[in-house]
Amino acid sequence: MDNRKSARLRGSGESREFRLRLLIPAILLVLLLFLLVGYVPREALVPAIVVVGAGLLISGAVGVRTGIRGPAWLIYGVILAGLALLLLAPAPWRGFALLSVPVSAIGYVIGKELAFFGYNRRHQASPSAWVVAGEAIDSVAEAKQRALSRLGRWESLEDGRFVVVLGHRRFEAWGAAAEGFVVHIASDGRDLETLSVLTHIPHQNDEVSIRLDTHGLTGRVPQGVKVPTEVAEQALNGFFETQGAKDLTGWAWESGAQAQDLRFS
């Protein structure tokens, strides 16, 4: 009975969070429609609505298909193709070429949120199951072997953030196996106050770069939080042993503002 109640509560929370994430693009879309109705001449209103509708449908479909695993460049291709097509079209279609850009961006964001919502609903795991990079695994030994293997060849530039989850406990790493990671552990992923970052002792404050995501984004971090891959693997191994932040010689788990700032999300 408690498990069913807990599942309903998690589902309710996810739905509420999903609605909140859709709020901004929905507001922007409503404002855009008001502007169209208020400022576009009546004879050009039908083409404008067609541009908006087609842009939302096409970019939304791209967001649903590529929002989770990419390729991220596809939406830029869709935007450029729509822009070129309208610029080459006769009036009044040509006048709505620039309109297609924000419409496509809004549609893509909505599609991407729908993709993540559907994925999370399909991949809800029990609190006792380990989730390794999005894959639910019941066996601790198998989850540990799979996680260590994947971390050893992980590239955030291609794969995004590396995440291992047990219930609300989280292990996270940004970076690449060849150059090192920024490693976090949270005892409750819903509360940033429980977040800790692995830091070298003594502190090394000179800044170095770290690869962050599939869009090629890099960040600057203190040298002391850029963890060699072998140390990140020790921390991951400790997470499986203790379901938390295990002490490592020469390293410390530090919480507070810096840990939250270095999470890059």
Here the membrane-span-like helices of the chain, with no claim about any membrane, defined by DSSP H, Cα axial extent at least 20 Å and mean Kyte-Doolittle at least -1.0, are 2-39, 45-66, 73-88, 100-122
Accessible surface of the chain [probe 1.4 Å, protein heavy atoms]: carbon and sulfur percent: 59
Quote to one decimal, in nm, the extra length available between LEU31 and GLN223 on full extension: 0.36 nm per residue of separation minus the C-alpha distance between them. 64.6 nm
Before I look further, what does the chain give for accessible area per residue, probe 1.4 Å, in whole square angstrom? 57
Once you place label points 7 Å from the Cα toward the Cβ at GLU17 and SER149, how far apart are they in nm? 2.9
Looking at the chain as a GNM with Cα springs under 10 Å, which of SER187, SER196, SER209 has the largest mean-square fluctuation? SER209
With r as the distance between the Cβ atoms of ARG94 and LEU192 and R0 = 30 Å, compute the FRET efficiency 1/(1 + (r/R0)^6) and round to 0.05. 0.05
Kirkwood hydrodynamic radius, the chain, all distinct C-alpha pairs: what's the number in Å? 21.0
Measuring from centroid to centroid over Cα atoms, what is the spacing of the range 225-265 and the range 35-59 in Å? 51
Cα centroid of the range 161-208 to Cα centroid of the range 80-123, whole Å: 35
Report the chymotrypsin sites (Phe, Trp or Tyr not before Pro) located in the range 165-265 that are in a DSSP loop and have at most 13 other Cβ atoms inside 10 Å of their Cβ, or state none. none
How many percent of the alpha carbon pairs in the range 140-265 exceed a separation of 17 Å? 52
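The values are calculated or read from the model by the stated rules, or taken from the named source; none is laboratory data. Keep in mind that this is a model prediction, so the values were computed, not measured. Cβ atoms come from the backbone with ideal geometry, glycine included; neighbour counts cover every protein chain shown. Please note that ligands, DNA and RNA were not included when accessible areas were found on the heavy atoms of the full protein model with its side chains. Shrake-Rupley method; radii C 1.70, N 1.55, O 1.52, S 1.80 Å.
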